[in-house]
Amino acid sequence: MTGVTGLSFAPLVPWEAVAVLAAVSALLLIFGMGRGARGCLVRLFVLAVLSLGILNPHLESESRDVHPDIALVVVDGSSSQNAGKRPAQRARAVAAVRNRLAKFDDLEVRMVEGRETEEGTLLFGPLRQALADLPRGRYAGSVFITDGQVHDMPTLDEKRSDGSAIRRPELDAPLHVLLTGQPDERDRRLIVEKSPAFGIVGKKVTLKLRIEDQPSPAGRPVGVAIRVDGGEAIRTSMPVGTSTNVEVPLDHGGNTIIELEADAMRNEISLVNNRAVVTVNGVRDRLQVLLVSGQPHLGERTWRNLLKSDPSIDLVHFTILRPPGKSDFTPLNELALISFPIRELFEIKLKDFDLIVFDRYVLRYVLPLSYFQNIATYVRNGGAVLASVGPEFANIRSIYNTPLGDIFPAQPSGPVIEDAFRPMLTAKGRLHPVTAGLPGDNAKTPNWGRWYRQVEAVANRGQTLMTGSDEQPLLILDRVGKGRIAQFMSDHIWLWARGFDGGGPHAELMRRTSHWLMQEPDLEEEDLRASVEGNRLTIQRRSLDPAVPPVTVTSPSGAKKGVTLTPAADGSAKSTVEIMETGLYQIEDGRRRAMAAAGRLNPPELADLRASAEPLLPAVKASGGGTAWIAEGLPDLRRTRPERKGTGAGWLGLQRNGAFVVTGVRQTPLLPALVFLLLVAGGVMLSWWREGKY
């Protein structure tokens, strides 16, 4: 575009010389007029033409490249925008704004996506980033399409250290808000005011909860369902608006996920924030282990040394030394330095132990059979027993001939084998976390030392993880009721501890076995777990079943997605997927269920789901913008001058800046050289003629 901008001068001599020449000429003319000289007016004309010629006047015209203004449309895609009819309203508003602004040839529209983080919905941050890429002077304004729940509002009255106000570039043009939702929405929110990060296994943790209804009077009770690790719901009730303490039991170590859900209120906008999730890490105060040693042997202290070296274990150890042929009528309470408290251990405090270890125990009629029945019941109710047996397990004094025989997975079936053999892992042993990846193992012959004794047995139940001579079962694990049991069919693990024939991973094997018995979560052979790091969800499944079924991932918004896991040689299968939403993810494989939290479990985004313009009103007013409800009809969009108001009844305005770039300048002289010479010459001749006339 070309336009004339005005008159300009390009003096042939400096302005100072022009001023001196004009002043001298003016004085001479005044002197001549005072003396009555003829031709003064003609001389004045000549001097004026001469001065004008020296000033060199000309007209300037510029070639301009007009640039369109830029409007930013910021779209809120946070979780709260999924409530009710908001997705449809948002889509309709985006399409309408695009179409209505497309009719302006001098306006460019750029779409900006809002972000949802742990801190809530961010719209002003993305807006400022988009403004940083805009050429100066072309910002026409912005339109927010949101429910109003924005958590990065700028501080409008913030000052610098020198007291000057900080300029907000996002408010240099009108900021308009198109609201999704309805003006009269209702919402209920379940708030976790206080929850512990850790808890003691076997005890209860206390959660402090509060229910808020918006808007609604406080006081009336509301039902709440509590689920621990996805189990059956426990129902309770609490009054609205009042903090209430709720106790929840911790049954296992590791993370316990507690889901809380309040009953829905009538005409509620969304049930998303009726739910809250708390993760409590269950830790054991101290692990109580009872070690009962029977027949003395070279490796008697192997189990004791291992258990004593673990700082998390409190060990109670008794050794029964009286041989069965001893018949000197010495009272039992005089056979040891400390009287064996059989009733206290196997009746009164039996349930307090996390594990009972029988190391080559042989029947000597010190423990009545009723106490063995107590131990069997203790295992079925969640306890654990480990039996490391020797030759006595195959004779008449074997503890298999007690009520424990009903829960032992392996039954003695023949003589004691006393040939050299090297322990080998079975196919399941290479998948089970107790034995998978033991140091020195390989697919052919493990790099372990040999053992020389094993009790021949038949494994009727459980999983055989290791075999010995002639592929006889050597290590068998089994679950009985709620408890667990393990059998070592040899007492020669001490050879590994002594480094005989190269030794072996005795400490790792014994540690894993004992902690599996005490239900260590990381040693579960059938397990499904998930974790979140950044925006990636990692799913890991472990199973003794070689088939790996696909898992289903349910996002916080309820969307389901199938994920195929990649199997590994150690029995695990793993996959990592990218996630976009914050909140609780549920993972299921048909038999097990796991949960993982992305970001905050109870984010500020879900604190209040009601649509409202209140959070944004200070910025809207400071920029000269306006607000409108999409449900009540979309307003008209206009272009306005920067000095005019940016909103009115039924319309919103985007300012017209008229930005341009000068691409060229053309100068046209007002007094060409030939005309200048003719005027000066004619004036001089006229003045001579005028003076010579008289």
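When Ile226 is tested against (1) surrounded by fewer than 16 Cβ atoms within 10 Å (Cβ to Cβ); (2) more than 19 Å from Arg610 (Cβ to Cβ), exactly one condition is not met: (1). Are any residues in the stretch 484-504 out of contact with any strand residue (DSSP E or B) (no Cβ under 6 Å at 6 or more places or on another chain), crowded, with 20+ Cβ neighbours inside 10 Å and more than 23 Å from Gln295 (Cα to Cα), and if so, which ones? Result: Gly504, single match. Could you look through the stretch 445-479, keep only residues that are within 44 Å of the chain's Cα centre (by Cα) and at pLDDT below 90, and pick out the one that is surrounded by the most Cβ atoms within 10 Å (Cβ to Cβ)? That would be Pro446.
Considered as a group, the residues in the stretch 388-414 that are surrounded by 23 or more Cβ atoms within 10 Å (Cβ to Cβ) and under 51 Å from the mean Cα position of the chain (by Cα) include one that is farthest from Val366 (Cα to Cα), and that residue is Ala410.
Quick check on my filter: what residues within the stretch 254-272 are assigned to a loop (DSSP other than H, G, I, E, B), of a type in the set (A, V, I, L, M) and under 25 Å from the mean Cα position of the chain (by Cα)? If the condition is that a residue be assigned to a loop (DSSP other than H, G, I, E, B), of a type in the set (A, V, I, L, M) and under 25 Å from the mean Cα position of the chain (by Cα), then Leu271 is the only one that fits. Among the listed residues Asp419, Asp441, identify the single one that is under 50 Å from the mean Cα position of the chain (by Cα) and of a type in the set (Asp, Glu). The conditions single out Asp441.
When the stretch 455-475 is examined, which residues are found to be touching a His at 6+ places or on another chain (Cβ under 8 Å) and without any contact (Cβ under 8 Å) to a residue 60 or more places away in the chain? Outline the logic, then answer.
Pass one, the stretch 455-475, residues touching a His at 6+ places or on another chain (Cβ under 8 Å): 463, 465.
The one that is touching a His at 6+ places or on another chain (Cβ under 8 Å) and without any contact (Cβ under 8 Å) to a residue 60 or more places away in the chain: Leu465.
Residues in the stretch 576-587 that are surrounded by fewer than 17 Cβ atoms within 10 Å (Cβ to Cβ) and either in the same structural domain as Thr117 (by TED's automatic domain parsing) or at pLDDT 85 or above (or both): Thr576, Val577, Glu578. Filtering the stretch 553-572 to residues that are hydrophobic (A, V, I, L, M, F, W, C) and surrounded by fewer than 16 Cβ atoms within 10 Å (Cβ to Cβ) leaves Ala559, Val563, Ala568, Ala569. Could you say whether any residue in the stretch 537-545 is surrounded by 14 or more Cβ atoms within 10 Å (Cβ to Cβ), touching a helix residue (DSSP H, G or I) at 6+ places or on another chain (Cβ under 7 Å) and among the charged types (D, E, K, R)? Within the stretch 537-545, not a single residue is surrounded by 14 or more Cβ atoms within 10 Å (Cβ to Cβ), touching a helix residue (DSSP H, G or I) at 6+ places or on another chain (Cβ under 7 Å) and among the charged types (D, E, K, R). Only one entry in Thr513, Thr566, Thr538, Thr552 is touching an Asp or Glu at 6+ places or on another chain (Cβ under 9 Å) and of a type in the set (Ser, Thr, Tyr), namely Thr552. Scan the stretch 214-232 for residues that are within 19 Å of Ala276 (Cβ to Cβ) and at pLDDT below 85 and the total you get is 7. Of the residues making up the stretch 526-556, those that are more than 28 Å from Leu425 (Cα to Cα) and either in the same structural domain as Ser80 (by TED's automatic domain parsing) or in a strand (DSSP E or B) (or both) are Ala530, Ser531, Val532, Glu533, Arg536, Leu537, Thr538, Val551, Thr552, Val553, Thr554.
Conditions tested, residue by residue: (1) in contact (Cβ under 8 Å) with a residue 24 or more places away in the chain; (2) touching a strand residue (DSSP E or B) at 6+ places or on another chain (Cβ under 8 Å); (3) in the same structural domain as Val292 (by TED's automatic domain parsing); (4) not basic (Lys, Arg).
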{"position": "Phe353", "(1), (2), (3), (4)": "yes, yes, yes, yes"}
{"position": "Leu363", "(1), (2), (3), (4)": "yes, no, yes, yes"}
{"position": "Arg380", "(1), (2), (3), (4)": "yes, yes, yes, no"}
{"position": "Ala387", "(1), (2), (3), (4)": "yes, yes, yes, yes"}
{"position": "Gly390", "(1), (2), (3), (4)": "yes, yes, yes, yes"}
{"position": "Ala394", "(1), (2), (3), (4)": "yes, yes, yes, yes"}
{"position": "Leu425", "(1), (2), (3), (4)": "yes, yes, yes, yes"}
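Of all residues in the stretch 168-190, those satisfying the criterion of being closer than 15 Å to Lys621 by Cα, among the hydrophobic types (A, V, I, L, M, F, W, C) and not in a helix (DSSP H, G or I) are Ala173, Leu175, Val177, Leu178. Of all residues in the stretch 73-99 being of a type in the set (A, V, I, L, M, F, W, C) and in contact with an Asp or Glu (Cβ under 9 Å, 6 or more places away or on another chain), which is surrounded by the fewest Cβ atoms within 10 Å (Cβ to Cβ)? It comes out as Val75. Answer yes or no: is there a residue in the stretch 543-552 that is touching a Lys or Arg at 6+ places or on another chain (Cβ under 9 Å) and of a type in the set (Asp, Glu). Checking the stretch 543-552: not a single residue is touching a Lys or Arg at 6+ places or on another chain (Cβ under 9 Å) and of a type in the set (Asp, Glu). Filtering Leu175, Leu123 for residues that are without any contact (Cβ under 8 Å) to a residue 60 or more places away in the chain, crowded, with 21+ Cβ neighbours inside 10 Å and out of contact with any Leu (no Cβ under 7 Å at 6 or more places or on another chain) leaves a single hit, Leu123. Can you tell me which residues in the stretch 350-387 are surrounded by 19 or more Cβ atoms within 10 Å (Cβ to Cβ) and among the charged types (D, E, K, R)? Result: Asp354, Asp359, Arg360.
Could you please let me know if Arg529 is out of contact with any Phe, Trp or Tyr (no Cβ under 7 Å at 6 or more places or on another chain), of a type in the set (Lys, Arg), over 21 Å from Asp310 (Cα atoms) and surrounded by 15 or more Cβ atoms within 10 Å (Cβ to Cβ)? Break it down stepwise before answering.
Numbers: out of contact with any Phe, Trp or Tyr (no Cβ under 7 Å at 6 or more places or on another chain): yes; of a type in the set (Lys, Arg): yes; over 21 Å from Asp310 (Cα atoms): yes; surrounded by 15 or more Cβ atoms within 10 Å (Cβ to Cβ): yes.
Judged against the criteria, Arg529 is a match.
Conditions (1) assigned by TED's automatic domain parsing to the domain that holds Leu306; (2) touching a residue at least 40 places away in the same chain (Cβ under 8 Å); (3) out of contact with any His (no Cβ under 6 Å at 6 or more places or on another chain); (4) not in a loop (DSSP other than H, G, I, E, B), marked per residue:
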site: Arg227; (1), (2), (3), (4): no, no, yes, yes
site: Gly230; (1), (2), (3), (4): no, yes, yes, no
site: Arg235; (1), (2), (3), (4): no, no, yes, yes
site: Met238; (1), (2), (3), (4): no, no, yes, yes
site: Val248; (1), (2), (3), (4): no, yes, yes, yes
site: His252; (1), (2), (3), (4): no, yes, yes, no
site: Thr279; (1), (2), (3), (4): no, yes, yes, yes
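Looking only at residues of the stretch 300-353 that are in a loop (DSSP other than H, G, I, E, B) and within 22 Å of Val201 (Cα to Cα), we find that the one that is modelled with the highest pLDDT is Phe353.
The values are calculated or read from the model by the stated rules, or taken from the named source; none is laboratory data. The structure displayed is predicted, hence computed values, not measured ones. FYI the Cβ positions are ideal-geometry reconstructions off the backbone, even for glycines, and counts take in every protein chain you see.
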